[in-house]
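Notes follow the structure.
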Amino acid sequence: MSLLKSIPKVDKLIQNKAFEHLSVSLVTPLCKEVIKQLREDILNQKVTQFQEEDLITTVLEAYDNITQPSLQTVLNATGVIVHTNLGRSLIDATLFDKVKHIATHYNNLEYDLQQGKRGERYEHISKIICQYLGCEDVLIVNNNASAVFLILNTFAQNKEVIVSRGELVEIGGSFRVPDVMAQSGAVLKEIGTTNKTHLKDYENAITSNSAMLMKVHKSNYSIEGFSSEVAIEEIIRTARTNDLIDYYDMGSGHFVDLPYGLDKDEPSVLKIMQHNPCLLSFSGDKLLGSVQAGIIVGQKKYIEALKKNQLLRMLRVDKLTLALLEESIKSLLLGKIDEIPTLKMLFTPLEVLKQRAMRIQNNIQALCQCEIKETKTVIGGGTTPNKKIPTIALSLAFKGLKPHKIEQLFRAKNVIGRIEEEQFLLDFRTLLEEELPLLETTIKAILHD
């Protein structure tokens, strides 16, 4: 009982000098919780003695845990350029500085400076995208999943949307095309088989209740061997013949010709737009290499109908997203690929990657076993499924530790590598030039621990 009596009162504890520069509104409930837990531990005989300094330390640790930012920078040494778990595409620092002034000042987001009245936020981005792609209009929502939902809800409520069975995808986070269709009010009409769909399957499925022919990018898988699918231009032609809407959920659209033969299976948005589709949507933060957004392009009458859907109010993007996206597309239009980190990484020659790896190897090889390896990686983010690109990695081994243990040591220092063929690798495809000094310092710190 005497131990319980020695527990400090909350009002006394919060007056400790250790808390004098901290937020009282946060320290108070933390002190209450620590004292409550101490009381329970004493009654359950888990604690037989304590020091007030220990309580203070516990409160300070809890305070730091709450107030420290949860989002932290990491070094991506996985080799996966569009890494969904690590924030997908990076934004160039110089490009970000260009839009910082917009975010920190009032601006004309929905104000027409020429006419002195309310304007439309999408006007700021439509001019440059329409100029680049040759489309009639554009609409930006918060991601491509929103784009899919908005399009289906606007044009196909209680009407049939014809889709190949081989394209009824499920991507990360259990996002399933059939489920999205059901939520949007559209009626899914599956055609073809898992591995083969022909043009006649689309033609035979059309009824008086059909609203749309939809094509879906396979995202994170591919069908190999005895398989076939219908090209988007054939779908567009068939839709026009039958007075239906054609819609291509492209997923990871890009504006430039990709290296390593990736264009064979991943044609650019520009090539698709040559066929003048009714609607096409893709992500801003995948192969485009910009911010998270769902970009809808196509014919003006359909974009105008989307803008009138009340759901758009819930799916629209803010000023910072629009400004960053505009700057990214401007860089692409002017051919400044180096201002798009995703593309800069993708196009970096192997020889440059090898030189960077050798620089690190030369400075640490006296401390551990390390070897430069030519290997392969993936772009990631649901792009170019099952397609690999060449890369350079550095394998590390030290202190007789297993690869999984080495991976844990690096992860504890916010360096995320990968394990391949029972070796821990640092892949230089996704390590920025300016990150190499920090990487070297971190490696040495781990080796000296």
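The values are calculated or read from the model by the stated rules, or taken from the named source; none is laboratory data. Keep in mind that what you see is a predicted model, and the values were worked out from it rather than measured. With ideal geometry, Cβ positions are generated from the backbone for all residues, glycine too; neighbour counts draw on all protein chains shown.
Conditions: (1) modelled with pLDDT under 95; (2) closer than 21 Å to LYS218 by Cα; (3) assigned by TED's automatic domain parsing to the domain that holds PHE428. LEU367 meets all but one. Number of the miss?
(2)
Identify the single condition in (1) in contact with a Leu (Cβ under 8 Å, 6 or more places away or on another chain); (2) without any contact (Cβ under 8 Å) to a residue 24 or more places away in the chain; (3) among the small types (Gly, Ala, Ser) that SER208 does not satisfy, given that it satisfies every other one.
(1)
Can you give me the number of residues within region 238-269 that are closer than 19 Å to GLU167 by Cα and loosely packed, with under 14 Cβ neighbours inside 10 Å?
2
Go through (1) crowded, with 19+ Cβ neighbours inside 10 Å; (2) of a type outside the set (Gly, Ala, Ser); (3) in contact with an Asp or Glu (Cβ under 7 Å, 6 or more places away or on another chain) for VAL317 and report which single condition fails.
Unmet condition: (3).
Here are some conditions: (1) closer than 20 Å to PRO385 by Cα; (2) crowded, with 19+ Cβ neighbours inside 10 Å; (3) polar (S, T, N, Q). SER222 meets all but one. Which one does it not meet?
(2)
Given THR73, THR154, THR84, which one is under 26 Å from LEU432 (Cα atoms) and touching a helix residue (DSSP H, G or I) at 6+ places or on another chain (Cβ under 8 Å)?
From the options THR73, THR154, THR84, the qualifying one is THR84.
Identify, please: which residue in region 280-304 is in a loop (DSSP other than H, G, I, E, B) and among the polar types (S, T, N, Q) and is, among those, nearest to the chain's Cα centre (by Cα)?
Pass one, region 280-304, residues in a loop (DSSP other than H, G, I, E, B): 284-293, 299.
Restricting the remaining residues to those that are among the polar types (S, T, N, Q) gives 290, 292, 299.
Working: SER290: 10, GLN292: 6, GLN299: 27 Å.
The extreme case among them is GLN292.
So LYS373 fits all but one of (1) part of a loop (DSSP other than H, G, I, E, B); (2) over 25 Å from the mean Cα position of the chain (by Cα); (3) not β-branched (Val, Ile, Thr); what number is the exception?
(1)
Condition test on ASP64, is it over 14 Å from LEU26 (Cα atoms), of a type in the set (Asp, Glu) and part of a helix (DSSP H, G or I)?
In short, no.
Could you give me the residue pairs with C-beta distances under 7 Å whose first residue belongs to region 414-443 and is farther than 18 Å from HIS404 by Cβ and touching a residue at least 60 places away in the same chain (Cβ under 8 Å), whose second residue is part of a helix (DSSP H, G or I) and among the polar types (S, T, N, Q) wherever it lies, and which are 6+ apart or on separate chains?
GLU440/ASN363
Tell me the strands (runs of 3 or more DSSP E) entirely within region 92-210 that contain at least 1 residues that are surrounded by fewer than 19 Cβ atoms within 10 Å (Cβ to Cβ). First the steps, then the outcome.
Values: elements: 137-141, 160-164, 187-191.
In region 92-210, 187-191 are the strands (runs of 3 or more DSSP E) which contain 1 or more residues that are surrounded by fewer than 19 Cβ atoms within 10 Å (Cβ to Cβ).
Scan region 259-272 and report the pairs whose first residue is over 13 Å from ILE232 (Cβ atoms) and aromatic (Phe, Trp, Tyr) and whose second residue is surrounded by 13 or more Cβ atoms within 10 Å (Cβ to Cβ) and at pLDDT 80 or above, with Cβ atoms within less than 8 Å and a gap of 6+ or a chain change.
Listed by first residue and then by second, the contacts come to TYR260/LYS387; TYR260/ILE389; TYR260/PRO390.
Among the residues that make up region 85-103, is at least one of them in contact with a Gly (Cβ under 8 Å, 6 or more places away or on another chain), among the basic types (Lys, Arg) and in contact (Cβ under 8 Å) with a residue 12 or more places away in the chain?
Yes, there is a match, as at least one residue in region 85-103 is in contact with a Gly (Cβ under 8 Å, 6 or more places away or on another chain), among the basic types (Lys, Arg) and in contact (Cβ under 8 Å) with a residue 12 or more places away in the chain.
When residues of region 401-441 are filtered for being polar (S, T, N, Q) and either within 16 Å of GLN369 (Cα to Cα) or outside the structural domain of GLN365 (by TED's automatic domain parsing) (or both), how many remain?
Of all residues in region 401-441, those polar (S, T, N, Q) come to 408, 414, 423, 430, 441.
Of the ones still in play, those that are also either within 16 Å of GLN369 (Cα to Cα) or outside the structural domain of GLN365 (by TED's automatic domain parsing) (or both) are 423.
Result for region 401-441: 1.
Take the conditions farther than 21 Å from HIS83 by Cα and either surrounded by fewer than 18 Cβ atoms within 10 Å (Cβ to Cβ) or charged (D, E, K, R) (or both) and apply them to LEU432. Does it pass?
In short, no.
Identify all residues within region 1-38 that are among the small types (Gly, Ala, Ser), closer than 18 Å to ASN65 by Cβ and part of a helix (DSSP H, G or I); write none if there are none.
Residues satisfying the conditions are ALA18, SER25.
Would you mention how many residues in region 219-269 are more than 21 Å from the chain's Cα centre (by Cα) and not in a loop (DSSP other than H, G, I, E, B)?
16
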